[in-house]
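S.K.: A single structure is presented below for examination.
Rule-based calculations on the coordinates, nothing more; no lab input. In this text the structure is predicted, and so the values were computed from the model without any measurement. Neighbour counts run over all protein chains shown; Cβ positions are idealised from the backbone, glycine included.
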């Protein structure tokens, strides 16, 4: 299979570098199902006990991308915004 090169693409590599290709607005795919964007410091939301790991991972990734921190409790089944 041969790749067709876009105008301005560099040749000589297995993965040629292309210039001028616009980046999609949202590379992650879909919006969060959790209310992270609406939360202010001290706000929290409750979640089902079986969703602890999912909420914890989502809070970690979303917080890292947006410069905020969350605390997620498996005892209280709640997620708080810390900063």
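S.K.: Got a sec? How would 23, 39 order by Cβ neighbour count within 10 Å, fewest to most? Before the final figure, lay out the partial values.
M.R.: Working: 23 6, 39 18.
Placing the least packed residue first, the sequence is 23, 39.
S.K.: Okay, next question. Considering the zone a paramagnetic label at residue 71 would reach in this model (a point 7 Å from Cα along the Cα-to-Cβ line), which residues of segment 38-56 have amide N under 14 Å from it?
M.R.: Residues passing the 14 Å test: 41-45.
S.K.: Additional query: In Å, what Kirkwood hydrodynamic radius results for segment 42-81 from the alpha-carbon pair distances?
M.R.: Working: mean 1/r = 0.1001 Å⁻¹.
Taking the inverse mean of 1/r over all distinct Cα pairs, segment 42-81 comes out at 10.0 Å.
S.K.: Let me ask another. Can you put 61, 15 in order, fewest other beta carbons within 10 Å first?
M.R.: Numbers: 61 13, 15 6.
Fewest-to-most Cβ neighbours within 10 Å comes out as 15, 61.
S.K.: Neighbouring Cβ atoms within 10 Å as the yardstick, rank 78, 57 fewest first.
M.R.: Values: 78 14, 57 11.
Placing the least packed residue first, the sequence is 57, 78.
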